[in-house]
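*Asks:* The structure that follows is given in the form of C-alpha cells.
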Amino acid sequence: MVPVSDGVELHQGPIVMKVTALTNDIVRVRIGRNGTLPEDASWAVPADVRGEHVSVTAAPDGFATADLRVRFDPGTLRMTMVTADGHVIVRDAPDPVSFSGTSFTLRREAPQGESYFALGDKTGSSADRRGRTFVDWNTDAFGFSSSDDPIYKSIPFFIGVGGDGGSYGLFLDNTWRSWFDFAHLDPKTLVMGAPDGPIDYYLIAGPSTAQVVRRYTDLTGRTPLPPMWALGYQQSRYSYMSADEVRQIARRLRDEKMPTDVIWLDIDYQDRNRPFTTNPTTFPDLKKLVGDVGKDGIRLIAITDLHIANLPNQGYAPYDSGTAGNHFVHRPDGSVYVAPVWPGPSVFPDFTTVAARQWWGTLFKGLASDGIAGFWNDMNEPAVFDTPTKTMPLDNVHRIDGDGFASRTAPHTEIHNVYGMENARATVEGLETLRPDERPFVMTRASYAGGQRYGVTWTGDNSSTWDHLRLSVHQLLNLGLSGFAYSGSDVGGFAGGPSADLLTRWFEIAAFTPIFRDHSAKDTPRAEPWVDGADQLAIRRRYVEERYRLLPYIYALADQSARVGDPLMRPLFYDYPSAIHASCNQDMTFTLGGKLLVAPPSNPESPQPYDVCLPTGGWFDYWTGLPVQGEASVNADAPIQSATQAALPRPTQAEVKIQEVPRLDLLPVFVRAGTILPRQPLVQSTSETPDGPLELDVYPGDGCSGMLYLDDGHSLGYTRGDFLRQEVRCTVTPDGVSLHFLAREGRYAPWWHAIAVTLHGWKGGAHVMANGKQVAAETKSGDQLSFTVPDSENDSIVTVNRH
C-alpha cells in the first residue's frame with residue numbers, strides 16, 4: 001500500500017488499484033489488471049472534474065477525508081468506506097474483483113435492508129431495483145413490457161438507500177455492455193461487471209439521497225436551464241401529415257382553450273423520410289407554418305433522425321457534405337457502413353469525432369432559420385432495420401478524438417452506449433453556434449451517463465395500458481435520480497390507443513411531471529385531448545390549466561435544478577428519508593419539488609380505496625386549501641414498498657395515513673406545511689403575459705419558505721444577471737404570521753406589480769401591515785385569508801395579526 005497525497009495505491013500481483021478522493025465525499029477507484037491503470041478519459045466526467053482532488057490523512061489501513069474513511073485489506077483489495085464516526089457506507093464482498101479474459105466482475109455487500117434506485121429508464125414492477133439483474137445496452141425497444149431489459153438508455157449509476165435512510169451512490173464509468181445484479185442470484189451480494197473496458201468507478205458517500213444526486217451531477221453535469229416554453233403542454237403525433245393539419249390542430253387547441261406551447265413534427269414532414277428535408281407538397285413553406293402557429297403562441301419541434309439517406313450523386317446535401325468530410329461510420333474493411341432505416345439505405349455519422357459533430361451541427365441551419373424551436377433526436381441507439389440485433393455490427397469502426405482519449409479507432413461494442421448521447425451533443429453544440437444567445441432544446445431517446453448536459457429525454461415507444469402508466473412513474477423517478485431532471489413519457493401511450501379513462505388519468509399525472517407531451521403512433525386511435533368528448537376534455541383541460549398556473553413554482557424548480565442538480569420529480573424519500581419505510585404502497589407516489597405530493601392510486605385502473613401515507617410535519621389538500629386530517633401512526637416494522645426487501649427491524653416511522661377513494665376527475669395532491677407556493681393567472685401559452693398579480697399561497701409550518709425566479713424565458717441573458725431570484729419566508733408569531741420578502745438577486749423586471757397572498761389555516765379576521773402601511777384583508781371560507789401587497793424588490797416585511 002503506497003500513500004499518495006489524495007489517496008492510496010495498492011498492488012496485488014499484476015493488479016494495480018488507485019483510490020483517490022476528488023472531494024471529501026467522492027472517491028474514485030481505478031483498477032488495472034496488468035500493472036497499468038486504465039486511460040484517464042471519459043465521455044461522462046469532464047477532465048477538470050476528474051482532475052479535482054483533496055488532500056487526505058494517511059492511515060495504516062487506508063486514508064481519511066474530512067467526511068469519511070476508506071479502509072483496505074491489502075491481501076484481497078477489499079475496500080470499506082465508512083463515515084467519520086464509523087458507520088459503514090459501502091463494503092466490498094470477500095472476493096471484490098475478478099477477471100476472465102477481457103471481462104471483469106466487481107462484488108459488494110448488499111445488506112438486506114438496502115434498496116437500489118436510478119440506472120435510468122429501466123423497467124420493473126417497482127422503482128426499486130433490488131432482486132433484479134440489468135444490462136446496459138441501448139436498444140430500440142418498441143413494444144417493451146414492464147419486465148423487458150435492456151431498453152433505450154445506459155446509465156451505469158445507482159443509489160443504495162439503506163435501512164436507516166442513509167444513501168450512497170456508485171457510478172461505473174464503462175461504456176461497454178455492462179451489467180448489474182442487485183442481490184438477484186445471491187441475496188447478500190451486489191455484483192456488476194462488463195465484458196471489456198476500464199474499471200473506473202466513483203463512490204459518493206451521501207448520506208442523503210439528495211446529496212448523492214447533487215454530487216453525481218457535480219461529476220457528470222447538470223441540465224442547463226431550459227426555455228420556459230418547454231415546461232408547457234406539448235401536442236404530438238406520428239405524424240401530423242401536412243402543414244394544413246398542423247394548423248388545424250393549433251386552431252382546435254386554441255378553440256378548446258387548451259393551453260399549449262408546442263406541436264411536434266414527426267418524420268412525415270420530411271421528403272421521403274430524409275433528414276433535413278421537407279416534403280414539398282405537404283409542407284411547402286415551413287417558415288410560414290412556423291409564423292402562422294406562432295401567432296397563437298405555439299412553437300414547432302422537428303424530428304431530425306441521425307441516419308442520412310445513402311444517395312450518392314443525387315444532390316442530397318447532407319450525404320454529399322458528410323462524404324466529402326469523411327464523417328460516416330466505417331466497416332472493418334474501410335468501406336462506409338450502409339444499412340436500412342426510415343429513408344431506406346442509410347449511412348451513420350461518426351459522432352465520436354469533433355469534426356463529425358461540428359459538421360452535423362451545420363445541418364440545422366435551414367431548420368433553425370425557418371424558426372423551428374427545438375429538435376428531436378430519435379432512433380439513436382442507433383436503431384437499424386432488418387437485423388436481429390436492431391443495431392449496427394459490433395465490429396464497425398469508430399474514430400475517437402478529444403475528451404481525454406488518445407486518438408484511436410474503437411469497435412462499436414465500445415461506442416454503442418454513448419452514440420446517442422454524442423448525437424444529442426452534436427445537435428446542442430450546433431444550435432449553440434447557430435443561435436448563440438438562445439437556449440437549445442433537444443430531446444434524445446438514447447443516452448449515457450452525463451447525457452443530461454445535452455437536453456431532455458423520454459421513455460420511448462411505450463404502450464397504451466394501465467401497466468405502462470404505472471411504469472412511466474417509476475421510469476421518470478429513476479431518470480431524475482440518474483441526473484435527467486427533464487424527462488417525460490408519451491402521454492396516453494405510443495402504441496395501441498388509450499381508453500378514455502386511461503388518457504384522462506395520464507393527463508392528470510403528467511401535469512406534475514417534468515415534460516408533458518401527448519404523443520401517439522400512426523395507425524392508432526387519435527389521442528388529442530378532445531377525442532373522448534366534452535366531459536373527458538374538461539378534466540384534461542383542468543389539469544393542463546393547473547400546470548400553467550403552477551409555472552412560477554415549476555420554473556423556480558428549474559432554476560434550482562440547473563444550479564444544484566435536484567430533479568423536479570422526486571420519490572418521496574428524496575426529501576423525506578424516513579418515507580422509505582412507509583406502511584402504504586407508494587409505488588405511484590411522488591413529489592414535484594418536494595413541496596407538492598402527488599398520490600395517484602397504486603393500481604390506477606382500480607376503483608378500490610387506497611391509503612396514502614404522508615410524512616409527519618403537516619400537509620394541506622392542494623385543491624381545497626384545508627389542512628389534512630388523518631390517522632397519525634408509528635410503525636416500527638412497516639414494510640417498505642419493494643416486496644423484494646426482507647422485513648428487518650427498522651427505526652420507528654411516524655406518518656399520517658389517510659384513505660382516498662379513486663375518482664376519475666380528481667388526482668389527490670397535497671402541499672407540505674411550511675410551503676410558500678407561487679402561482680400565476682391562467683395563460684394559453686408562455687408567450688402570453690399573465691394578467692394580474694402574482695399569487696402566493698402560504699401554508700404555515702416549520703421552515704416556511706418559497707422561491708421566486710424569473711427571466712425572459714428563452715435567452716442566455718440569465719447567465720449575465722438578467723434574472724430575478726427572491727426568497728420569501730414566513731414565521732408563525734404569537735400574534736399571527738410574518739412574511740419576509742428578502743432582497744432580490746438579479747436585475748430582471750417581473751411582469752407582476754402586485755402580489756396576491758392567500759394565507760391558509762387562518763381563522764377569523766386580521767390586521768395586515770406591509771412595510772408600515774395597512775392592507776385590506778378578506779377572510780374566505782375554508783380558513784383562508786387573502787390580501788394584496790405591492791411588489792417590492794427590496795427587503796420587506798408583511799405582518800398578519802389577529803384582531
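*Asks:* Could you please find all residues in the stretch 683-704 being surrounded by fewer than 17 Cβ atoms within 10 Å (Cβ to Cβ) and either within 20 Å of D783 (Cα to Cα) or among the aliphatic types (A, V, I, L, M) (or both)? Explain how you work it out, then say what you get.
*Replies:* Within the stretch 683-704, the first condition is being surrounded by fewer than 17 Cβ atoms within 10 Å (Cβ to Cβ), and the residues that meet it are 688-689, 691-692, 702-703.
Of everything in the stretch 683-704, just one residue is surrounded by fewer than 17 Cβ atoms within 10 Å (Cβ to Cβ) and either within 20 Å of D783 (Cα to Cα) or among the aliphatic types (A, V, I, L, M) (or both), namely D702.
Residue-by-condition table, conditions (1) at positive phi; (2) among the basic types (K, R):
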| residue | (1), (2) |
| --- | --- |
| G721 | yes, no |
| G736 | yes, no |
| L742 | no, no |
| Y748 | no, no |
| I755 | no, no |
| H760 | no, no |
| A770 | no, no |
| K773 | no, yes |
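*Asks:* Another question, then. Can you pull out every residue in the stretch 19-39 that is within 20 Å of R215 (Cβ to Cβ) and not hydroxyl-bearing (S, T, Y)?
*Replies:* Here is the first cut: in the stretch 19-39, the ones within 20 Å of R215 (Cβ to Cβ) are 19-30.
Selection gives V19, A21, L22, N24, D25, I26, V27, R28, V29, R30.
*Asks:* Can you tell me which of F99, F63 is more than 33 Å from the chain's Cα centre (by Cα), farther than 21 Å from D173 by Cβ and not in a loop (DSSP other than H, G, I, E, B)?
*Replies:* Working: F99 fails: farther than 21 Å from D173 by Cβ.
Answer to the selection: F63.
*Asks:* Picking from Y576, Y548, which residue would you name as being among the hydroxyl-bearing types (S, T, Y) and either in the same structural domain as Y233 (by TED's automatic domain parsing) or in contact with a Ser or Thr (Cβ under 8 Å, 6 or more places away or on another chain) (or both)?
*Replies:* On the way: Y576 fails: either in the same structural domain as Y233 (by TED's automatic domain parsing) or in contact with a Ser or Thr (Cβ under 8 Å, 6 or more places away or on another chain) (or both).
One residue alone meets the criteria, Y548.
*Asks:* Can you give me the number of residues within the stretch 486-512 that are surrounded by fewer than 23 Cβ atoms within 10 Å (Cβ to Cβ) and either part of a strand (DSSP E or B) or not assigned by TED's automatic domain parsing to the domain that holds L471 (or both)?
*Replies:* The qualifying residues number 1.
*Asks:* Residues to consider are R215, R237, R254, R177; find the one that is among the basic types (K, R) and under 15 Å from G480 (Cα atoms).
*Replies:* Working: R237 fails: under 15 Å from G480 (Cα atoms); R254 fails: under 15 Å from G480 (Cα atoms); R177 fails: under 15 Å from G480 (Cα atoms).
When all the criteria are applied, what remains is R215.
*Asks:* Pairs, please: C-beta under 6 Å, at least 6 apart or cross-chain, first residue touching a residue at least 40 places away in the same chain (Cβ under 8 Å) and not assigned by TED's automatic domain parsing to the domain that holds F157 and in the stretch 199-214, second surrounded by fewer than 24 Cβ atoms within 10 Å (Cβ to Cβ) and not hydroxyl-bearing (S, T, Y)?
*Replies:* none
*Asks:* Just need a number here: residues in the stretch 259-292 that are more than 19 Å from Y238 (Cα to Cα) and surrounded by 20 or more Cβ atoms within 10 Å (Cβ to Cβ).
*Replies:* 1
*Asks:* Still on this structure: Do you know which of the residues in the stretch 578-605 that are out of contact with any helix residue (DSSP H, G or I) (no Cβ under 9 Å at 6 or more places or on another chain) and small (G, A, S) is nearest to H760 (Cα to Cα)?
*Replies:* In this case the residue turns out to be A599.
*Asks:* Quick check on the stretch 595-610: of everything there that is under 17 Å from V656 (Cβ atoms) and assigned to a loop (DSSP other than H, G, I, E, B), which residue is farthest from the chain's Cα centre (by Cα)?
*Replies:* Ranking the candidates gives P609 first.
*Asks:* Let me ask you something else. Does R251 fit the bill of being surrounded by fewer than 20 Cβ atoms within 10 Å (Cβ to Cβ), among the charged types (D, E, K, R), more than 25 Å from S715 (Cβ to Cβ) and modelled with pLDDT of 95 or more? Step through it out loud before you land on a result.
*Replies:* Details: surrounded by fewer than 20 Cβ atoms within 10 Å (Cβ to Cβ): yes; among the charged types (D, E, K, R): yes; more than 25 Å from S715 (Cβ to Cβ): yes; modelled with pLDDT of 95 or more: yes.
In short, yes.
*Asks:* Inside the stretch 404-482, counting only strands (runs of 3 or more DSSP E) that do not spill past its ends, which hold 2 or more residues that are crowded, with 24+ Cβ neighbours inside 10 Å? Write out each step before concluding.
*Replies:* Working: elements: 405-411, 442-444, 456-458.
It comes to 442-444, 456-458.
*Asks:* Would you check if R222 is modelled with pLDDT of 95 or more, surrounded by fewer than 23 Cβ atoms within 10 Å (Cβ to Cβ), of a type in the set (D, E, K, R) and part of a helix (DSSP H, G or I)?
*Replies:* Details: modelled with pLDDT of 95 or more: yes; surrounded by fewer than 23 Cβ atoms within 10 Å (Cβ to Cβ): yes; of a type in the set (D, E, K, R): yes; part of a helix (DSSP H, G or I): no.
Spelling it out, it is not the case that R222 is modelled with pLDDT of 95 or more, surrounded by fewer than 23 Cβ atoms within 10 Å (Cβ to Cβ), of a type in the set (D, E, K, R) and part of a helix (DSSP H, G or I).
*Asks:* Something else about it: Condition first: on the phi > 0 side of the Ramachandran plot, surrounded by fewer than 24 Cβ atoms within 10 Å (Cβ to Cβ) and not in a helix (DSSP H, G or I). Can you find one or more residues in the stretch 573-583 that meet it?
*Replies:* Start the filter on the stretch 573-583 by keeping residues that are on the phi > 0 side of the Ramachandran plot, which leaves none.
No, that holds for no residue.
*Asks:* Considering each of R69, R91, R130, R33 in turn, give the residue that is assigned by TED's automatic domain parsing to the domain that holds L203, more than 30 Å from T589 (Cβ to Cβ) and crowded, with 19+ Cβ neighbours inside 10 Å.
*Replies:* Numbers: R91 fails: crowded, with 19+ Cβ neighbours inside 10 Å; R130 fails: more than 30 Å from T589 (Cβ to Cβ); R33 fails: crowded, with 19+ Cβ neighbours inside 10 Å.
Exactly one residue qualifies, and that residue is R69.
*Asks:* Residues to consider are D136, D85, D92; find the one that is free of Cβ contacts under 8 Å to residues at least 24 places away in the same chain and touching a Lys or Arg at 6+ places or on another chain (Cβ under 9 Å). Walk me through it before giving the result.
*Replies:* Values: D136 fails: free of Cβ contacts under 8 Å to residues at least 24 places away in the same chain; D85 fails: touching a Lys or Arg at 6+ places or on another chain (Cβ under 9 Å).
Sole residue among the options that is free of Cβ contacts under 8 Å to residues at least 24 places away in the same chain and touching a Lys or Arg at 6+ places or on another chain (Cβ under 9 Å): D92.
*Asks:* Taking the criterion of being over 30 Å from A527 (Cα atoms) and modelled with pLDDT under 95, would at least one residue in the stretch 166-179 satisfy it?
*Replies:* Initial filter on the stretch 166-179 (over 30 Å from A527 (Cα atoms)): 166-179.
Add one more test, that the residue is modelled with pLDDT under 95, and what stays is 166.
Checking the stretch 166-179: at least one residue is over 30 Å from A527 (Cα atoms) and modelled with pLDDT under 95.
*Asks:* Test P525 against the criterion of being free of Cβ contacts under 8 Å to residues at least 40 places away in the same chain, in a loop (DSSP other than H, G, I, E, B) and at negative phi, and give yes or no. Reasoning before the result, please.
*Replies:* Numbers: free of Cβ contacts under 8 Å to residues at least 40 places away in the same chain: yes; in a loop (DSSP other than H, G, I, E, B): yes; at negative phi: yes.
So P525 fits the description; yes.
*Asks:* Of the numbered conditions (1) part of a helix (DSSP H, G or I); (2) within 14 Å of the chain's Cα centre (by Cα); (3) of a type in the set (D, E, K, R), D566 satisfies every one except a single condition; which is it?
*Replies:* (1)
*Asks:* Follow-up. Any idea which of D85, D140, D148, D128 is farther than 18 Å from R445 by Cβ, assigned to a loop (DSSP other than H, G, I, E, B) and at pLDDT 95 or above?
*Replies:* On the way: D85 fails: at pLDDT 95 or above; D140 fails: farther than 18 Å from R445 by Cβ; D148 fails: farther than 18 Å from R445 by Cβ.
Answer to the check: D128.
The values are calculated or read from the model by the stated rules, or taken from the named source; none is laboratory data. Computed from a predicted model, the values in this text were never measured in an experiment. Glycine gets a Cβ as well: all are built from the backbone with ideal geometry, and neighbour counts include every protein chain shown.
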